[in-house]
Amino acid sequence: MITKKQFQKIYIESIQNPEKFWADVAETSIEWFKKWDKVFEWKFPSYKWFVGGKLNVAYNCLDRHVKAGLREKTALIYLNENNDRITINYNNLLKQVNKFANGLKSLGVKKGDRVLIYMPLVIEQVVAMLACARIGAIHSVVFAGFSANALRERAEDLKAKVVITASWTMRRGEKKILKSTVREAVKNLEFVKNIIVLNRDKKEINSAEKMEIDFYDLLNNESEICEPEIMNSEDPLFVLYTSGSTGKPKGVVHTAGGFLVYAHYTLKTVFDIKPDDVFWCTADPGWITGHSYVTYGPLSNGLTVVIMEGVPDYPKPDNWYRIIEQEKVNIFYTSPTAIRMFRKYGEGYCKQHDLSSLKILGTVGEPINPEVWKWYHEFIGNKKCPIVDTWWQTETGGHMIVTLPGLLEKPGVAGLPFYGIEAVVVNKSGQEVPTNEKGFLVIKKPWPGALLDCWNTPDRFAKYWNEIGKMFFTGDFAIKDKDGYIQILGRSDDVINVSGHRIGTAEVENALVSFAGVVEAGVISKPDELKGERLKAFLVLKSGVKGDNALISNIKKHVKTKIATIAVPDEIEFVLSLPKTRSGKIMRRVLKAKELGQSISDLTTLED
Ligand code: PRX
C-alpha cells in the first residue's frame with residue numbers, strides 16, 4: 001500500500017530523472033550477466049534500453065530463485081475443468097525447461113530462430129516459452145482459438161522453424177483438436193522443420209509426417225543442464241501479433257532486457273506483492289497479459305502462479321471462486337467481461353465460498369463500468385480489497401495507467417500514469433486539451449517495456465511515433481480530470497475491443513469479402529452488456545445472391561475459418577450499398593451513427 005504523498009514523490013523523481021530511476025529499478029529487479037553501458041539511447045523513432053547489458057530471461061525466472069533457496073517452492077499450479085491439479089516447483093520447472101531447451105537445440109533451433117507456440121494453458125506451454133527464452137529463440141504464442149489460416153499467416157510472416165502444439169484442449173467438457181489445425185496451417189511451408197506435439201492421452205504421431213515429434217520424447221532424452229544463452233538487453237524475446245487498423249495483424253516485438261525489467265517491476269509494484277503471495281491472472285499466454293502477468297512478471301518475482309485451462313463458468317458458475325478458496329489466492333487479476341458475467345450469475349455463487357485470502361484485485365483489457373466495479377469490490381473483494389484498474393496494451397509490455405493500492409479509487413477511471421510514464425491527452429496537433437475534455441491518449445517518451453519494433457514492418461513501428469507530435473500514439477480516446485486521473489473512453493481508430501480482445505475492423509472486412517457472393521463489407525461495433533462491444537457487419541451481395549439465414553450462417557463459419565470465433569460478427573445485415581468517401585473509403589462512423597440512432601456530425605466527404 002502506498003500513500004498519495006509517497007506516490008507523488010516517487011513519480012516526480014521518475015519523471016525528473018528517468019534514466020536514474022530505471023537504472024535503479026533494473027539493478028534491483030534483474031540479475032544481469034553484464035551491466036549495461038548506457039541506460040537509454042533514442043535515435044528517433046528507435047530507442048534502446050540498458051544498452052550493452054547482458055542477461056537471460058529464463059535464468060531470471062528460474063535459476064536465480066533456485067540458487068536463492070526456493071527449489072521446493074511451487075512455481076505453477078495447473079487446474080482444469082475436471083478439477084485435475086498438477087503442481088511444479090521451481091527446481092523441477094527449471095529442469096523441464098532445460099531439457100526442453102536442449103531438445104529444441106537438438107532440432108537445430110538457435111538464437112534468433114522463430115518458434116510458434118499454439119497450445120492450451122498447460123504447464124508445458126510455460127515450459128515451451130521459457131525454453132525458447134533460455135536459448136534465445138524468439139517465441140510467438142498464438143492463441144489456440146485462432147484458425148489454421150491465421151496460424152499460417154503468422155508462420156509465414158516469421159518464417160517459423162518449429163511449431164509447438166498439443167493434441168487437444170478442453171473447453172466446456174469438449175476436446176478441441178489443435179494438432180490437425182497445425183498440420184493444415186504449415187502444409188507445404190518448407191521453412192517449418194518440425195511440429196512438436198504434446199500428446200495428452202496416448203502418443204499419436206503421424207508416422208507419414210517425419211517432421212512430427214512427441215513433446216516428452218524430445219524432452220526426456222535430454223540433459224537437465226542447459227547453459228543460458230547470453231542475450232543482449234535489446235535482443236528480441238518474443239513477437240506477439242495484435243490487430244491494428246489495417247487488414248493485417250502486426251507482430252509486436254518485445255526485448256529481453258527492457259520487457260523483463262518492466263514486467264517484473266510493474267507486477268511487483270502495482271500488485272504490492274509479498275514473497276508468499278499466490279497470484280492468479282486469468283489471461284492466456286495467447287495475449288500480452290499472459291506474457292507479462294502469467295509468465296514473465298510473476299515467475300521473475302518468484303511467486304506461486306495459478307493457471308487454469310478452461311472457461312470461467314464450466315462446469316459450474318462458481319468455478320473460479322472454488323479455485324480462489326482452494327488455492328488461497330491472494331491476488332486476482334481478470335477482465336471486466338469476466339466480472340460482468342459473474343455479476344449476471346449473481347452474488348449467491350461467491351457467497352458459497354471463502355474468498356478471504358484475497359488481498360488485491362485487478363482488472364484489465366476494457367473500461368470497467370462503475371456498477372460492475374462496485375459489484376467486484378463488494379462481493380469478490382468483500383469490501384476490503386483495493387481494485388487496481390490497469391490500462392496498457394500489447395505494445396506497452398506492461399501497466400501504464402493504474403490506481404496503485406492505497407490511492408484514491410475512482411470506479412470506471414483507470415487511474416494515474418505509472419512511474420516514468422508521461423501520459424497526456426491531446427488534440428490532433430499534439431496540444432494538451434483542457435481538463436475533462438476528450439482527446440487522444442499519447443505517451444511522451446519511451447519506457448523500458450515499449451515495443452522494440454513491428455516484425456518485418458518498421459514503417460508500422462514508426463507510425464506509432466509519427467502520428468501525433470513525436471509521441472507514442474496509443475489509439476485510445478481519454479479524458480484527464482482535475483486530479484490527473486485518466487479515464488479511457490475506447491479506441492479512436494478502427495480497432496474494436498470485444499471481451500477485452502482487440503479486433504481490427506479491416507481484418508474482419510477482408511475475411512468477409514473473401515466469401516464468394518460478398519462484394520463489400522463494413523464492420524462496426526455496438527455496445528454489448530457482457531462483452532463490452534460486439535461486431536455488426538453490413539454486407540453488399542453480388543446480384544442474384546440471396547441474403548437468407550443459411551447464407552448468414554455460412555458467412556459466419558467462413559470468418560471463423562479465416563480468423564477465429566472471436567472475430568465472427570454477432571449481427572449481419574445485407575444492404576444495397578455502403579456509405580463511402582469520394583475516394584472510396586467506407587465511412588464506418590456513418591454506419592455506426594445510423595445504427596445507434598446518433599446524429600452524424602460531418603458528412604462533407606460522403607460520396608452519396
Ligand atoms: O483500448 C484499450 C483497452 O485495450 C487496448 C489494448 O488491447 P491489447 O493490446 O489487446 O491489450 C489488452 C491487455 C493489456 C487498449 O488500447 N484497454 C486495456 N486496458 C484497459 C483498456 N481500456 C480501459 N481500461 C483498461 N484498464
Please work out if Ile552 is of a type in the set (Val, Ile, Thr), outside the structural domain of Pro579 (by TED's automatic domain parsing) and at pLDDT 95 or above. no
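Of all residues being under 27 Å from the mean Cα position of the chain (by Cα) and more than 16 Å from the ligand (Cβ to nearest atom) in region 351-373, which is nearest to Thr269 (Cα to Cα)? Just the residue, please. Full working, then the answer.
Pass one, region 351-373, residues under 27 Å from the mean Cα position of the chain (by Cα): 355, 357-373.
Among the residues that remain, those that are also more than 16 Å from the ligand (Cβ to nearest atom) are: 355, 357-359.
Numbers: Leu355: 23, Ser357: 19, Leu358: 17, Lys359: 14 Å.
Top of the filtered list is Lys359.
Being in a loop (DSSP other than H, G, I, E, B), closer than 22 Å to Ala150 by Cα and modelled with pLDDT under 95, is that true of even one residue in region 498-509?
There is at least one residue in region 498-509 that is in a loop (DSSP other than H, G, I, E, B), closer than 22 Å to Ala150 by Cα and modelled with pLDDT under 95.
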Among strands (runs of 3 or more DSSP E) completely within region 516-608, the ones holding 2 or more residues that are closer than 19 Å to Ser245 by Cβ are 518-528, 532-541
Yes or no: Trp392 within 11 Å of the ligand (Cβ to nearest atom) and closer than 21 Å to His264 by Cβ? yes
Could you check region 122-136 and list, in sequence order, the residues that are surrounded by fewer than 24 Cβ atoms within 10 Å (Cβ to Cβ) and under 13 Å from Gly290 (Cβ atoms)? Val122
Among (1) farther than 30 Å from Val495 by Cβ; (2) in contact with an Asp or Glu (Cβ under 6 Å, 6 or more places away or on another chain); (3) open to solvent by less than 20 Å² (accessible area, probe 1.4 Å), where does Met231 come up short? (2)
Evaluate region 428-440: report whether one residue or more is small (Gly, Ala, Ser), surrounded by fewer than 22 Cβ atoms within 10 Å (Cβ to Cβ) and within 11 Å of the ligand (Cβ to nearest atom). no
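In this structure, is Glu309 away from the ligand (no atom under 16 Å from the Cβ), open to solvent by 30 Å² or more (accessible area, probe 1.4 Å) and touching a Leu at 6+ places or on another chain (Cβ under 9 Å)? Talk me through it step by step, then tell me what you get.
Details: away from the ligand (no atom under 16 Å from the Cβ): yes; open to solvent by 30 Å² or more (accessible area, probe 1.4 Å): no; touching a Leu at 6+ places or on another chain (Cβ under 9 Å): yes.
So Glu309 fails the test.
Out of the residues in region 67-79 meeting the condition of being open to solvent by 20 Å² or more (accessible area, probe 1.4 Å) and not small (Gly, Ala, Ser), tell me which one is nearest to Arg200 (Cα to Cα).
Thr74
Given the residues Leu512, Leu535, which is the only one that is more than 16 Å from the ligand (Cβ to nearest atom), open to solvent by less than 20 Å² (accessible area, probe 1.4 Å) and not assigned by TED's automatic domain parsing to the domain that holds Val402?
Working: Leu535 fails: more than 16 Å from the ligand (Cβ to nearest atom).
None of the other options fit; the residue is Leu512.
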Could you list, in sequence order, the residues of region 462-496 that are over 29 Å from Trp42 (Cβ atoms), buried (at least 21 other Cβ atoms within 10 Å of the Cβ) and touching a residue at least 40 places away in the same chain (Cβ under 8 Å)? Gln487, Asp494
Filter the helices (runs of 4 or more DSSP H) completely within region 1-120 down to those with at least 3 residues that are of a type in the set (A, V, I, L, M). 4-16, 18-29, 90-106
Taking first residues from region 304-323 that are on the phi > 0 side of the Ramachandran plot and in contact (Cβ under 8 Å) with a residue 24 or more places away in the chain and second residues anywhere that are buried (at least 17 other Cβ atoms within 10 Å of the Cβ) and assigned to a loop (DSSP other than H, G, I, E, B), the pairs with Cβ under 6 Å that are 6 or more apart or on different chains are Gly310/Glu81
Starting from residues that are open to solvent by less than 20 Å² (accessible area, probe 1.4 Å) and of a type in the set (Gly, Ala, Ser), keep the ones in region 497-509 and report whichever is farthest from the ligand (Cβ to nearest atom). Ala506
Pull up region 240-252, narrow it to residues that are within 14 Å of the ligand (Cβ to nearest atom) and not hydroxyl-bearing (Ser, Thr, Tyr), then point me to the one that is nearest to Lys562 (Cα to Cα). Pro249
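Here's the yes/no breakdown for (1) more than 16 Å from the ligand (Cβ to nearest atom); (2) not hydrophobic (A, V, I, L, M, F, W, C):
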residue	(1), (2)
Cys281	no, no
Asp284	no, yes
Pro317	yes, yes
Trp320	yes, no
Ile324	yes, no
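Given region 140-237, what strands (runs of 3 or more DSSP E) lie entirely inside it while holding 1 or more residues that are without any contact (Cβ under 8 Å) to a residue 24 or more places away in the chain and not small (Gly, Ala, Ser)? Spell out how you get there, then give the answer.
Numbers: elements: 162-166, 168-171, 174-177, 194-198, 212-214.
Passing ranges, in order: 174-177, 212-214.
Take region 441-461 and flag every residue that is part of a strand (DSSP E or B) and open to solvent by 30 Å² or more (accessible area, probe 1.4 Å). Before the answer, list the steps.
First pass over region 441-461, keeping only residues part of a strand (DSSP E or B): 441-443, 453-454.
Across region 441-461, the qualifying residue is only Asp453.
The values are calculated or read from the model by the stated rules, or taken from the named source; none is laboratory data. Quick caveat: nothing in here was measured; it's all calculated off a predicted structure. Glycine gets a Cβ as well: all are built from the backbone with ideal geometry, and neighbour counts include every protein chain shown. Calculation scope for accessible area: heavy atoms of the full protein, side chains included, ligands and nucleic acids excluded. Shrake-Rupley method; radii C 1.70, N 1.55, O 1.52, S 1.80 Å.
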